[in-house]
Amino acid sequence: IDRLQVSDSLKMYNSLVERCFSHCIENFRRKTLDKQEETCVKRCAEKYLKHSMRVSMRFAELNQGSPTPD
Amino acid sequence: IDRLQVSDSLKMYNSLVERCFSHCIENFRRKTLDKQEETCVKRCAEKYLKHSMRVSMRFAELNQGSPTPD
Amino acid sequence: IDRLQVSDSLKMYNSLVERCFSHCIENFRRKTLDKQEETCVKRCAEKYLKHSMRVSMRFAELNQGSPTPD
Amino acid sequence: MSGGLRTADGLPVEKEQIFRMAQQEMEYRVDLFNKLTQTCFEKCIERKYKESELNVGENSCIDRCVAKYWQVTGIVGTMLGSSKPGGM
Amino acid sequence: MSGGLRTADGLPVEKEQIFRMAQQEMEYRVDLFNKLTQTCFEKCIERKYKESELNVGENSCIDRCVAKYWQVTGIVGTMLGSSKPGGM
Amino acid sequence: MSGGLRTADGLPVEKEQIFRMAQQEMEYRVDLFNKLTQTCFEKCIERKYKESELNVGENSCIDRCVAKYWQVTGIVGTMLGSSKPGGM
């Protein structure tokens, strides 16, 4: 179960990177991020984390609303 | 192998929910499903299940067409 | 680790098929691929493999740029 | 290493089955949570990323998105003959 | 617990290797089936959901979609040096 | 089967933990590589498939796409409190 939680957070990390990269990086004329892309990635990542925490809170509440034996 | 089949059907269940949710739920002005969304989800889920069974039949036929030793 | 590499390449194979099928097959009026679809699939698959090898080379270089103990 | 039927891993059969089921339930929930998180991110978060805080509209959209996703899980679960929403 | 090389799990090496390969083949097929199901759902099923039955057009689309997907699997398999379609 | 704390699989606890961590690191890298490959394929490869070679534009797009993806990995890693880019 611990093991699942670690691999869960690693998967989340990969999903976050994929999502924010896809949303923020549109041109491939240079090989380094420009200022605008970097800002976009940082905001996207912060939003993703906050979003993820909020979902997890709501999700936990709903899980408690209909408790399961184990 | 049994284990794979169970986790396969659980994954299928999650994919079905994700797919039908994405297709049917467009507005987030209320926190409960309206009648139209509920109907859409039910039809989508039934179609998904029937689709999945048909695919699985065709898939089995093709697998038998070129039999493998095990 | 070997085990991961095998299942990695099997996953890659499935992703390649999914991607090239989605890009190349648009009509379902017949049950066999026509010449144009077949050519598209072959080129797509070759490009995917070459792409994948190039990514893997670049990825390895970057990994060496910031070496990890193991 | 006393008597009783054991599997290849050396666990007694029953214990192992319970462990496997718990593990599958867990994997199922993790997968559900990941799909839910990504679906609601696509549905609720504005792509302009003008700031790094979630705004009021996004926050209430997330709450409703999770609630509706949960209900859809329940409907599909009922159709498949399961009783509790979100459960197996 | 007789002689012979054994792995950490206590299985003889050969048996374990065969088991691993069978498991990978199985996982590969499950993954293939899941991707096929989802791809053909997107390609063939109308999004209006006016009814819960599959109509004639959808049914024949599914059959052709599966057949074509299978052929693509075969072409790619041949390219990668495998002989049987859908196999490893 | 000498002394020392052992897990259900019969491995000493420490060794198993190290093995698990290495396995997770490995799975993480495989997942990262797969996502990177697919994302850059979508971003860089022209959909017309007029030939089976990668052209000059596609090749340099791939190199830049991988480099930028790596930088994004680094930025996110730093935000989450990890020091090395691409690491855990």
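Tabulated results
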| quantity | calculated |
| --- | --- |
| Condition met for residue D:27 (touching a helix residue (DSSP H, G or I) at 6+ places or on another chain (Cβ under 7 Å), more than 24 Å from residue A:59 (Cα to Cα) and modelled with pLDDT of 85 or more) | no |
| Residue that is farthest from residue F:62 (Cα to Cα), among those in region C:36-46 that are within 7 Å of chain F (Cβ to nearest Cβ) and in contact (Cβ under 8 Å) with a residue 12 or more places away in the chain | C:40 |
| Residue count, region A:53-70 (criterion: assigned to a loop (DSSP other than H, G, I, E, B) and at pLDDT 95 or above) | 0 |
| Tally, over region A:11-35, of residues that are touching a residue at least 12 places away in the same chain (Cβ under 8 Å), under 12 Å from the mean Cα position of the chain (by Cα) and surrounded by fewer than 22 Cβ atoms within 10 Å (Cβ to Cβ) | 2 |
| Inter-residue pairs, beta-carbon under 6 Å, first of a type in the set (Phe, Trp, Tyr) and in region F:39-67, second surrounded by 15 or more Cβ atoms within 10 Å (Cβ to Cβ), 6+ apart | F:41/C:51; F:49/C:40; F:49/C:43; F:49/C:44 |
| One residue from F:29, F:20, F:64 being assigned to a helix (DSSP H, G or I), more than 30 Å from residue C:41 (Cα to Cα), more than 8 Å from chain C (Cβ to nearest Cβ) and not polar (S, T, N, Q) | F:20 |
| Within region E:33-86, tally of residues that are surrounded by fewer than 17 Cβ atoms within 10 Å (Cβ to Cβ) and not hydrophobic (A, V, I, L, M, F, W, C) | 17 |
| Among the candidates A:62, A:49, A:33, residue that is within 11 Å of chain D (Cβ to nearest Cβ), touching a helix residue (DSSP H, G or I) at 6+ places or on another chain (Cβ under 6 Å) and among the hydrophobic types (A, V, I, L, M, F, W, C) | A:62 |
| Output for region D:33-52, where each listed residue is modelled with pLDDT of 95 or more and either aliphatic (A, V, I, L, M) or at positive phi (or both) | D:36, D:45 |
| Checklist (1) in a helix (DSSP H, G or I); (2) touching a Cys at 6+ places or on another chain (Cβ under 8 Å) applied to residue A:50, failing item | (2) |
| Any hit, region C:23-45, residues being in a helix (DSSP H, G or I), within 15 Å of residue E:40 (Cα to Cα) and at pLDDT 95 or above | yes |
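This table checks each residue for (1) assigned to a loop (DSSP other than H, G, I, E, B); (2) more than 9 Å from chain C (Cβ to nearest Cβ); (3) not β-branched (Val, Ile, Thr).
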residue	(1), (2), (3)
F:38	no, no, yes
F:47	yes, no, yes
F:50	yes, no, yes
F:60	no, yes, yes
F:78	no, yes, no
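The values are calculated or read from the model by the stated rules, or taken from the named source; none is laboratory data. None of these values were measured; they are calculated from a predicted model. Glycine also receives a Cβ, built like all others from the backbone with ideal geometry; neighbour counts cover every protein chain displayed.
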